[in-house]
Amino acid sequence: MCEPLRWRVILFVVAVSLGALLIAWIDASTWTRVRQLERDFAAVKTERFYQSIHLRVAIRQLNDTLFRFHLKGQPEDLQRYRAEAVELQQWIELRKVEASTEEERALFSNLEDAYATYLRETGKLQTRHGTVFARKQLDEINEKLRQHSAALFDSSEQLMHVQRQVFTAFLKESQQTLDSFQQLIKASLILLIILAVSVVVLVYRGMITPLRAQLSESQAVIARQEKLAALGGLAAGVAHEIRNPLTAIKFRLFSLKKSLPVAISDNEDVNVIAGEINRLERIVKDFLQFARPTDPELVDVPAVRLLAEVHALLKSPLERVAIELKLDARAKVWLRVDPQQIKQVLINLVQNAAESIGHNGAITLRAANDHATLGGNKLPVGIITVIDTGKGIPPEVQKRLFDPFFTTKDAGTGLGLPIAARIVERHGGELRYDTQLNHGTTFMVVLPRVAANES
Ligand code: ADP
Ligand code: MG
């Protein structure tokens with residue numbers, strides 16, 4: 001797996017894990033909150049909110065039972081009153097224990113006191129004098145009962161009030177908890193969506209886009225090769241036809257010049273004709289080389305030898321235009337190449353470099369060992385670089401750099417780079433470049449390397 005892809009996959013896994021962790025956290029906290037709510041519900045028994053009603057009913061019933069006893073004089077009513085009184089007392093004690101707030105507990109204490117007073121006062125009414133009660137006496141008893149129980153009714157009123165408050169607070173709290181649930185669920189939903197979208201984006205960018213780029217790159221290479229093949233056939237035919245008459249013209253001009261007096265033979269027109277014939281010859285030579293590349297004859301050579309030969313050949317002509325040709329071949333790089341063809345590549349590159357510089361500058365020839373991806377495999381390679389201090393290559397030229405016949409020069413053939421690239425490709429290598437406008441260009445001839453000990 002190539003480096004960027006691996007990083008993308010790692011990034012992708014990290015993102016998914018983070019998202020999953022976050023969702024798990026939200027899940028856990030929601031669960032704890034649900035449990036809390038469940039506990040709250042269990043603690044708040046709804047029957048509590050009927051306690052004051054129960055209390056009122058019970059007091060009324062006690063009063064009624066005691067009154068009936070006075071009215072009818074049956075001892076069962078008195079017994080029932082006593083039983084009910086004990087029952088109510090126990091009920092109050094129990095409720096006091098259950099009370100959840102300080103306020104409630106205080107209220108139950110008051111209630112207990114009021115009930116004690118009630119029992120004490122009504123205790124005095126538990127004996128019945130005579131057999132039949134007059135209406136007046138009954139009214140008096142009724143009035144006493146009402147008075148004694150008034151405090152109790154007040155307490156029950158307060159109880160109702162406090163418990164309603166507690167209930168309202170509880171409802172409010174539950175509402176808040178539910179609201180926060182809603183928020184959490186929304187958040188995890190949004191997170192899930194983000195996670196899903198980023199998974200899609202990452203998969204697309206990390207895996208599909210590079211594959212597409214690779215595909216379109218290889219399609220472009222195929223298209224270029226097809227174009228090269230077609231043009232090659234055509235160029236070969238034309239060049240072949242031109243070469244013979246051209247040789248004849250050159251020869252005739254040469255003998256003509258010899259037979260003419262020096263004044264005429266050194267005439268400017270004659271020189272221009274000679275120059276143009278040379279140019280035509282060069283074009284034809286390039287055409288033919290481009291159209292009919294010969295198979296490389298591979299031998300093991302140290303890169304330094306190739307560089308030294310190119311250096312020796314081009315050093316002085318370049319000096320004339322104030323361009324220094326530097327040689328840096330300290331690294332021991334062994335290549336298995338056709339030396340003639342690779343020298344031709346280097347000459348083309350140095351010529352381009354010099355043409356880009358024009359006047360005054362430097363070109364460096366360098367060889368180094370490295371590793372590079374060639375044909376999809378990472379290999380040990382030897383890289384020969386040609387570094388110039390020229391104008392650099394503008395983007396619009398870069399787009400067509402390797403197109404056959406593309407040139408920005410008046411006298412250019414536009415075949416130098418296509419020929420160079422083709423030769424390097426036939427060696428199983430690649431011609432690469434790096435350029436910076438107004439600073440210079442570096443061309444790299446990347447070739448499979450031979451281990452030094454193998455040679
Ligand atoms: P030619 O040299 O005949 O124009 P090439 O195929 O050698 O054809 O080069 C194509 C074009 O690429 C050149 O016309 C030039 O514009 C550009 N080019 C090549 N090498 C360089 C360089 N080292 N610096 C700047 N431009 C370059
Ligand atoms: Mg050129």
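The values are calculated or read from the model by the stated rules, or taken from the named source; none is laboratory data. None of these values were measured; they are calculated from a predicted model. Quick reminder, even Gly has a Cβ in these numbers, built from the backbone with ideal geometry, and neighbours come from all protein chains shown. Heads up: the accessible areas ignore ligands, DNA and RNA and are worked out on the full protein's heavy atoms, side chains in. Shrake-Rupley method; radii C 1.70, N 1.55, O 1.52, S 1.80 Å.
Observations
- Answer residue from region 302-352, given it is touching a strand residue (DSSP E or B) at 6+ places or on another chain (Cβ under 8 Å) and basic (Lys, Arg) and is farthest from ligand 2 (Cβ to nearest atom) among those: Lys332
- Filter result for Thr177 (among the β-branched types (Val, Ile, Thr) and either outside any helix (DSSP H, G or I) or free of Cβ contacts under 8 Å to residues at least 60 places away in the same chain (or both)): no
- Region 417-442: number of residues that are touching a residue at least 12 places away in the same chain (Cβ under 8 Å), open to solvent by 20 Å² or more (accessible area, probe 1.4 Å) and more than 19 Å from Gly375 (Cα to Cα): 6
- Only residues that are of a type outside the set (D, E, K, R) and touching a residue at least 12 places away in the same chain (Cβ under 8 Å) were counted in region 190-207, giving 10.
- Pro418 of a type outside the set (A, V, I, L, M, F, W, C), within 12 Å of ligand 2 (Cβ to nearest atom) and over 23 Å from Leu318 (Cβ atoms): yes
- Some residue of region 354-376 being at pLDDT 95 or above, surrounded by fewer than 18 Cβ atoms within 10 Å (Cβ to Cβ), within 8 Å of ligand 1 (Cβ to nearest atom) and under 24 Å from Leu327 (Cα atoms): yes
- Test: residue in region 217-239 that is open to solvent by 100 Å² or more (accessible area, probe 1.4 Å), under 30 Å from Pro404 (Cα atoms), among the aliphatic types (A, V, I, L, M) and at pLDDT 90 or above: no
- Residue check, Val450 buried (at least 20 other Cβ atoms within 10 Å of the Cβ), more than 12 Å from ligand 2 (Cβ to nearest atom) and within 22 Å of Leu298 (Cβ to Cβ): no
- Tally of residues being over 34 Å from the mean Cα position of the chain (by Cα) and either over 14 Å from Lys315 (Cα atoms) or charged (D, E, K, R) (or both) across region 360-385: 8
- Annotation: Lys315 fulfils all but one of (1) open to solvent by 30 Å² or more (accessible area, probe 1.4 Å); (2) closer than 20 Å to Val446 by Cβ; (3) modelled with pLDDT of 95 or more; the unmet one is (2).
Table: residues versus (1) part of a helix (DSSP H, G or I); (2) open to solvent by 80 Å² or more (accessible area, probe 1.4 Å); (3) modelled with pLDDT of 90 or more.
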| residue | (1), (2), (3) |
| --- | --- |
| Phe12 | yes, no, no |
| Ile53 | yes, yes, no |
| Arg80 | yes, yes, yes |
| Arg105 | yes, yes, no |
| Phe108 | yes, no, no |
| Asp113 | yes, yes, yes |
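- Region 377-409, residues that are in contact with a helix residue (DSSP H, G or I) (Cβ under 7 Å, 6 or more places away or on another chain), open to solvent by 50 Å² or more (accessible area, probe 1.4 Å) and away from ligand 2 (no atom under 16 Å from the Cβ): Thr389
- With respect to the stated conditions, Glu355 fails to be in a helix (DSSP H, G or I) and away from ligand 2 (no atom under 16 Å from the Cβ).
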